[in-house]
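For reference, the structure discussed in these notes is given below.
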Amino acid sequence: MTSNQPTPGTGWTPADANAPYGGGSAPTQPYGMPQNGAPYQQGQFTQPVGGAPQPSPQPQPGPQSKKPWYKKWWVWLIVAIVIICIISGSKAGNKDSAQPASSSAASSQSTSSATASASSASGTMDTEGDVGNYHVKLVSAVKSSADYQGKDTIIVTYEWTNNSDSATSFAAAVNPKVFQNGVSLNIAVYTESPQGYDPTSELNQVQPGATQDVTLAYTLADSSDVTVEVDDLLGVGDSKVTHTYTLS
């Protein structure tokens, strides 16, 4: 049977079982004194003989103090970048303000030239020029075969460029007119179209920036000179391209 008595310590004998200390021999040294007889030092636990000494508690480290924000490396990196940007911007401003007066004069002269060119483009222009958002050139005016009534005709060829922002046709962009003796001529109608004549060319859609040739035929009143004019479709602009042709 297993004994419930504690395990004997050093120096215990069977005879000590009946000792008045209850299952062990009397302690060889006072309670709370180390076995070598020396007094306990500060920080040591005093406990009965035979017990294992317990370690003294160690002080816990306190919370570490944080670095001030101005001692962090990234703060000074940001400050350096900001200073560099300010210096660079200041130099760029000084460079722009130090441009020679000749540059300003040249710029002013270019603006004046552009204004003069725009002014010369308005009004009446011979053979070629801008009418609103379209550039028009009078290519030719040539006599052609008779119309369905047997009258002489003339075919006028126009070249135009669509400088607007949307596709449109010659018929919807400008207003072409042909005069003889100060009277406008009527559109010719052929039984059979002459070579090189396209009666539908004025209706073709032209995209912005594209150029097209348009042919229109007119019935002649006689053999006198013919004046061709192209102006704004609504007649509200002051730009007009015109030229007078002598019939041969």
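The values are calculated or read from the model by the stated rules, or taken from the named source; none is laboratory data. Since we're looking at a predicted model, the values are computed, not measured. Positions of Cβ are generated from backbone atoms using ideal geometry, with glycine treated the same way; all protein chains shown enter the neighbour counts. SASA here: full protein model, heavy atoms, side chains in, ligands and nucleic acids out. Shrake-Rupley method; radii C 1.70, N 1.55, O 1.52, S 1.80 Å.
The table below lists the values:
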quantity: Single condition S201 does not satisfy, out of (1) among the polar types (S, T, N, Q); (2) open to solvent by 20 Å² or more (accessible area, probe 1.4 Å); (3) touching a strand residue (DSSP E or B) at 6+ places or on another chain (Cβ under 9 Å); calculated: (2)
quantity: Set E192, E159: member being modelled with pLDDT under 95 and either in a strand (DSSP E or B) or acidic (D, E) (or both); calculated: E192
quantity: Hits in region 131-167 - residues which are over 50 Å from the mean Cα position of the chain (by Cα), open to solvent by 30 Å² or more (accessible area, probe 1.4 Å) and of a type in the set (D, E, K, R); calculated: K143, K151, D152
quantity: Residues located in region 214-235, provided they are in a strand (DSSP E or B) and either touching a helix residue (DSSP H, G or I) at 6+ places or on another chain (Cβ under 7 Å) or without any contact (Cβ under 8 Å) to a residue 24 or more places away in the chain (or both); calculated: V214, T215, L216
quantity: Residue pairs meeting the criteria (Cβ under 7 Å; at least 6 apart or on separate chains; first closer than 7 Å to K240 by Cα and small (G, A, S), in region 118-131; second modelled with pLDDT of 60 or more and open to solvent by less than 80 Å² (accessible area, probe 1.4 Å)); calculated: G123/S239
quantity: Some residue of region 176-193 being without any contact (Cβ under 8 Å) to a residue 12 or more places away in the chain and among the polar types (S, T, N, Q); calculated: yes
